[in-house]
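Trainee: Mind looking over this structure? Questions follow.
The values are calculated or read from the model by the stated rules, or taken from the named source; none is laboratory data. In this text the structure is predicted, and so the values were computed from the model without any measurement. Reconstructed Cβ throughout: ideal geometry from the backbone, glycine too, with neighbour counts over all protein chains shown. Note: areas computed on protein heavy atoms with side chains; ligands, DNA, RNA excluded. Shrake-Rupley method; radii C 1.70, N 1.55, O 1.52, S 1.80 Å.
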Amino acid sequence: MVYFVATPIGNLGEITYRAVETLKSVCAIFCEDTRHSKVLLDHYGISKPLYSYHKFNEKKSLEFVLSFCERGEDVAVISDAGMPCINDPGNVLVNELIRRNFKYTVVSGASAVINAFVMSGYNPPFTYYGFLPEKKADRDKLLDGAVGVAIFYVAVHDIKENMAYLAQRLGDRNCCLVKELTKTYERATFCKLSDVIEDDKGEFVLVVDKAEQRNPLCDLSVEQHIAYYTSGGMSKSDAIKAAAKDRNVPKNEIYKHTLNDR
């Protein structure tokens, strides 16, 4: 069995009992950086053989991982932080396990994408895009048709450039820039994509709200707006209320436009 185990994204205490027990029970653990993972494992008194498994050697290491499966031995795959396969190594192995009909499962836990989305308070559905590609053409293709909530990982030195690009590509939407999830200096900054954020350290997740849906009736004149409702059989009084609600203004503001009709 191969266990894909979620690890803490900041605070070492954010790991499940099942994850700790799983890591203690397996024959070997495959991780991105053995030095980084050893800190976590030492914290929980876990002593197992550690093998490097990262994006640069993922395909090369595949047969070695599968050799454990062929012998019927259990292993775990972890990333430096969060859930394997989410912007981290693992999906190549998952697909090979499926192809060869080897057993595998996921041990639940922290994911920066989910934490940041919850902190934003925005409504689902959402799409996770990971880090923006370097080339503009690749970015434009990736975001073609992006209309809902969009979530990105952002390196600290790319915050200004990424937000400026997204403002131009998606429109100046509301967003929530989450820093240092689960750590001491965790912070959620609510702003617009066009705002300039000054920061020089930390790990960030950018949650971009969906575009505001503007009622097309609001593009009409107030008189035309009211007439639209009355032509459908609504009373003038109710039409005024409806137009005021559409435009998010007091009813009296709409009523003023009808005084000359008398």
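Trainee: Which residue, 179, 160, 241, tops the fluctuation ranking in a GNM of the chain built on C-alpha contacts under 10 Å?
Mentor: Maximum fluctuation in the GNM of the chain, among the listed residues, is at 241.
Trainee: Also, quick follow-up: Grab the DSSP H runs of the chain that are 4 residues or longer, score each as -39,500 (n - 2.57), total them, divide by all residues and round the 222 nm result to the nearest 500 deg cm²/dmol.
Mentor: Numbers: 10 runs with 96 residues, N = 262.
Taking each H run of at least 4 residues, the total per residue is -10500 deg cm²/dmol.
Trainee: Could you work out how far the C-alpha centroid of the range 88-146 sits from that of the range 1-20, in angstrom?
Mentor: One Cα centre to the other: 18 Å.
Trainee: Counting only pairs 8 or more places apart or on different chains, how many lysine pairs in the range 130-262 have C-alpha atoms closer than 14 Å?
Mentor: 9
Trainee: Please check: in the Gaussian network model of the chain (C-alpha springs, under 10 Å), which one of 144, 33, 80 has the largest mean-square fluctuation.
Mentor: Of 144, 33, 80, the most mobile in the Gaussian network model is 144.
Trainee: OK, next. For a label point 7 Å from the Cα of residue 201 along Cα→C-beta, name the residues of the range 144-161 whose backbone N is under 16 Å from it.
Mentor: Once the point is set 7 Å along Cα→Cβ of residue 201, 156-157 turn out to lie under 16 Å by backbone N, inside the range 144-161.
Trainee: Related question: Of (i) 47, 43, 38; (ii) 56, 44, 33; (iii) 89, 42, 39, which one was derived for Cα extents along the principal axes in Å from the structure shown?
Mentor: Only one listed value fits the structure, namely (iii).
Trainee: How large is the accessible surface of residue 47 in square angstrom, using a 1.4 angstrom probe and rounding to the nearest 10?
Mentor: Approximately 110 Å² of residue 47 is accessible to the 1.4 Å probe.
Trainee: Could I ask something else about it? Taking a probe of 1.4 Å, how large is the accessible area per residue of the range 136-198, in Å²?
Mentor: 52
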